[in-house]
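A short write-up of the structure that comes next.
The values are calculated or read from the model by the stated rules, or taken from the named source; none is laboratory data. None of these values were measured; they are calculated from a predicted model. Counting neighbours? That spans all protein chains shown, and the Cβs are built from the backbone with ideal geometry, glycine included. Surface accessibility is based on the protein's heavy atoms, side chains included, excluding ligands, DNA and RNA. Shrake-Rupley method; radii C 1.70, N 1.55, O 1.52, S 1.80 Å.
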Amino acid sequence: KFDHSTAIAAALAYMCLHQGDRVGLGLFDQEVRTQVKRSSQRDQWRAIVGALSGEPVEGRAQIGRSIDQMLARVTNRALFVIVSDFLMPTEELRSAIARLAHRGHDAMLVQTLDRQELRFDLDAPARFDGLEAEAAIETDPRAVREAYLEILREHVEKVDRIARSFGADAVVCD
């Protein structure tokens with residue numbers, strides 16, 4: 001998912017730079033790890049790709065803390081394109097997007113999910129390792145498929161509703 005997210009971010013940056021827009025970047029997990037200041041200069045895309053190709057973020061994202069760190073650095077109105085799986089408590093997301101909107105910024109949420117997360121079409125019993133510090137569990141995917149897909153569908157819909165409630169756009173990419 002990280003590779004897909006970085007490709008999406010690089011493509012969006014490229015398009016915006018070719019429109020003459022200023023583009024910046026903030027990579028975060030528990031906090032902002034890397035930042036590229038906004039610019040429309042010719043070498044900006046190279047700086048963004050360089051930052052994206054650095055070491056990947058790890059652990060559970062702290063979107064609220066990271067948004068606060070970015071807001072402290074951005075003084076004029078901007079469009080924040082947030083690329084994430086958004087597999088976090090939706091109240092954290094709602095609070096972060098509310099702070100962006102309150103400060104007059106626009107937002108676009110790009111939710112990157114693996115196709116296997118969206119379909120969960122596994123047939124054999126398997127070990128599932130928690131990606132964000134959760135313990136591993138052994139289970140038969142067929143036994144939990146229906147409940148899992150319903151929970152994920154509800155979560156994706158909540159992310160979309162949160163975005164729309166603040167006038168933002170949301171899209172799911174797999």
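Determine one quarter of the surface area of the Cα convex hull of the stretch 1-48, which equals its mean projected area, and express it in nm² to one decimal.
Details: hull surface 13.0 nm².
Average of the hull's projected areas for the stretch 1-48 equals 3.3 nm².
So for the chain, what percent of the C-alpha to C-alpha distances run longer than 24 Å?
Values: 6002 of 15051 pairs.
Result: 40 percent of Cα pairs exceed 24 Å.
Averaging sequence separations of C-alpha pairs under 8 Å and six or more residues apart, then dividing by the length of the chain, give the relative contact order as a whole percent.
On the way: 242 pairs, mean separation 33.7, N = 174.
About 19 percent, as a whole number.
For VAL156, what is the net charge nearby, where nearby means another residue's Cβ is under 12 Å from its Cβ and Lys, Arg count +1, Asp, Glu -1? Numbers along the way, then the final one.
Details: positive: ARG153, LYS158, ARG161; negative: ASP85, GLU117, GLU150, GLU154, GLU157, ASP160, ASP174.
Within the 12 Å Cβ shell, the charges total -4.
Residue by residue through the stretch 65-73, what is 3J(HN,Hα) from phi via Karplus (6.51 cos²θ - 1.76 cosθ + 1.60, θ = phi - 60°)? Round to whole Hz and write x for glycine and proline.
So the J values, rounded to whole Hz, are 4, 5, 5, 4, 5, 5, 4, 5, 9.
Taking only DSSP H segments of four or more residues, each worth -39500 (n - 2.57), what value at 222 nm results for the chain once the sum is divided by all its residues, to the nearest 500 deg cm²/dmol? Write out the running numbers ahead of the final one.
Details: 6 runs with 78 residues, N = 174.
Only helices count here, giving -14000 deg cm²/dmol.
Compute the helix-to-body angle for 141-165: its Cα long axis versus the longest principal axis of the chain, expressed 0 to 90° and rounded to tens.
With both axes taken from Cα atoms, the answer is about 30 degrees.
Evaluate the charge dipole of the stretch 1-114 about its Cα centre and quote only its size in Debye, nearest 20, assuming +1 on the Cβ of each Lys and Arg and -1 on the Cβ of each Asp and Glu.
Rounded to the nearest 20 debye, it is 540 debye.
What FRET efficiency, computed as 1/(1 + (r/R0)^6) with R0 = 22 Å and r the Cβ-Cβ distance, is obtained for LEU122 and GLU157, rounded to the nearest 0.05? If you can, show how the numbers build up before the last one.
Working: r = 23 Å, r/R0 = 1.05.
The value I calculate is 0.45.
Average the reciprocal distances over every distinct pair of alpha-carbons in the stretch 69-168, invert the result, and give the Kirkwood radius in Å.
Details: mean 1/r = 0.0644 Å⁻¹.
Evaluated on the stretch 69-168, it is 15.5 Å.
Quote the accessible area belonging to LYS1 in square angstrom, nearest 10, computed with a 1.4 Å probe and with ligands, DNA and RNA left uncounted.
Accessible area, nearest 10 Å²: 70 Å².
State the extension gain, in nm to one decimal, for the chain segment bounded by ARG103 and ASP129, taking 0.36 nm per residue of separation less the distance between their alpha-carbons.
Details: separation 26, 0.36 × 26 = 9.36 nm, distance 3.83 nm.
Value of the extension gain: 5.5 nm.
Would you please give the FRET efficiency between GLU58 and ILE137, computed as 1/(1 + (r/R0)^6) with r the Cβ-Cβ distance and R0 = 25 Å, to the nearest 0.05? List each step's numbers first, then the result.
On the way: r = 21 Å, r/R0 = 0.83.
The calculated FRET efficiency here is 0.75.
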